[in-house]
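The values are calculated or read from the model by the stated rules, or taken from the named source; none is laboratory data. Note that this is a predicted model, so its numbers are computed, not measured. Cβ coordinates were reconstructed from backbone atoms using ideal geometry, including for glycine residues, and neighbour counts include every protein chain displayed.
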Amino acid sequence: MVKIISKKLFDEARKFIPGGVNSPVRSFQAVGGYPVFVKEARGSKIYGECGKEFIDYCLSWGALILGHAHPEVTEVLLETIKKGTSFGTATRLEIELAKLIVEAIPSIEQVRLTNSGTEAVMTAIRLARAYTKKDKIVKFAGAYHGHADYLLVKAGSAQATLGILASAGVPKDFIKHTLVLPYNDIEKVKETVKKYQKDLAAIIVEPVAANCGVVLPQEGFLQYLRNLADKYNIVLIFDEVITGFRISYSGAQGYFKVKPDLTCLGKIIGGGLPVGAFGGRKEIMQLLAPQGPVYQAGTLSGNPVAVSAGIATLNILKRDNPYSALEERTKGFCEKIEKKALNSKIRLKVNQIGSIFSLFFIDDVKLFKKFFHGLLRNGVYFSPSVFEANFLSVAHSSQDLDKTLEFIGIILKDLRR
Ligand SMILES: *Cc1c(COP(=O)(O)O)cnc(C)c1O
């Protein structure tokens, strides 16, 4: 039944929408089968057009730390919408959200709002180039920073620092300033930065890599980047679109106590609506138009709907400070998953920090597909790719977790056959 409805909708979607989806990973290409078409969602659950209920560990790719349709956020949204959805001019709400962000994130002195994480990253890099008057940037292999041309670059051969195109339609010339290095490889970073220092404008890094599974920074890695950036006049950019307000209220930079020059945010700060933001040292942010020469704009940037959802979300997070509880629960949950794997003699590594986690099947990555569909059949929705992170929200109950663990135990046993 579930499959029939998903197939029917997916077939229809593919007639009108390329690949049937508005963002590729939603298509289930990485796991096979048909995507779940969601009708509505509440708390920890999503409800499919198929009538089935799923415990959701994708949570709009981490945006919904409070769970779906949080009553307080929804109420604020309804009130806001009644008063108009976009004015294309300044509002008091924008000051409020900017203030919340500046007070929360240690390195941010000023912040500007965009409509997506992609836009935030694009302008952070433009600012870094303007500030340093240099062109090249370093990014790390496996990191995702949105879909700007010059960031759609993947690692080439092990020796090469110049990356290769990760998308058709990008002129080779557009990526000639992007160097791709292995994450956590201090030696390689040191060597490359030294060699290219005169041309390097920025090092952009996800402080916790969360788009190639979850990979934690090695002890000292982020601080090392900070030191190098200082030494060679390079702007250090933390892409905290996932980690911001996720692993702590002060983001990864608060958690690891390393301050970047610029920070990109998204996901959680929109409370489930389309938002991004970038901010940092005033000296750099002042280069933005209208004050400075770096252009950036947006018709719907800072619109009251998205902004009020963001304000409501951050205020709840600030008031309730759920972070240590969420981290404890996620840690316990992940440990139990590993234990169940051990019992089933499957080598499974669970990487976790705060309320983010990912699974890695050591002997055969392909096991994830079976695992994923086993869970899906039992009403548990994990992110539909082994490279995407999973999340807990404050709305996940002990019953949700216990039920999930029970299914995981059964499915892992099945996988051995
Ligand atoms: C999701 C994400 C982005 C892009 O944000 P969008 O709002 O999808 O454009 C950028 N960086 C990281 C680390 C992300 O996870």
Going through Leu262, Leu287 one at a time, which residue ends up being assigned by TED's automatic domain parsing to the domain that holds Leu181, crowded, with 22+ Cβ neighbours inside 10 Å and farther than 30 Å from Pro384 by Cα? Leu262
Go through the residues of segment 101-112 one by one and say whether even a single one is within 14 Å of the ligand (Cβ to nearest atom), under 26 Å from Lys257 (Cα atoms) and not β-branched (Val, Ile, Thr). no
Of (1) buried (at least 18 other Cβ atoms within 10 Å of the Cβ); (2) assigned to a helix (DSSP H, G or I), Leu342 satisfies every one except (1)
Of all residues in segment 22-53, how many are farther than 11 Å from Ser385 by Cβ and touching a Phe, Trp or Tyr at 6+ places or on another chain (Cβ under 8 Å)? 15
Screening Leu222, Leu273 for residues that are in contact with a Phe, Trp or Tyr (Cβ under 9 Å, 6 or more places away or on another chain) and either part of a strand (DSSP E or B) or within 16 Å of the ligand (Cβ to nearest atom) (or both) leaves only Leu222
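Condition check ((1) part of a helix (DSSP H, G or I); (2) away from the ligand (no atom under 11 Å from the Cβ); (3) hydroxyl-bearing (Ser, Thr, Tyr)) across all residues:
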site: Glu119; (1), (2), (3): yes, no, no
site: Arg129; (1), (2), (3): yes, yes, no
site: Lys134; (1), (2), (3): no, yes, no
site: Ala143; (1), (2), (3): no, no, no
site: Gly146; (1), (2), (3): no, no, no
Out of all the residues in segment 74-100, which are loosely packed, with under 13 Cβ neighbours inside 10 Å and either within 16 Å of the ligand (Cβ to nearest atom) or among the hydrophobic types (A, V, I, L, M, F, W, C) (or both)? Leu78, Ile81, Phe87, Ala90, Ile95
Among (1) touching a residue at least 60 places away in the same chain (Cβ under 8 Å); (2) closer than 28 Å to Ile356 by Cβ; (3) not basic (Lys, Arg), there is one condition Gly88 misses while meeting the rest; what is its number? (2)
Restricted to segment 148-162 and to residues being over 23 Å from Leu216 (Cβ atoms) and more than 16 Å from the ligand (Cβ to nearest atom), the residue surrounded by the fewest Cβ atoms within 10 Å (Cβ to Cβ) is Gln159
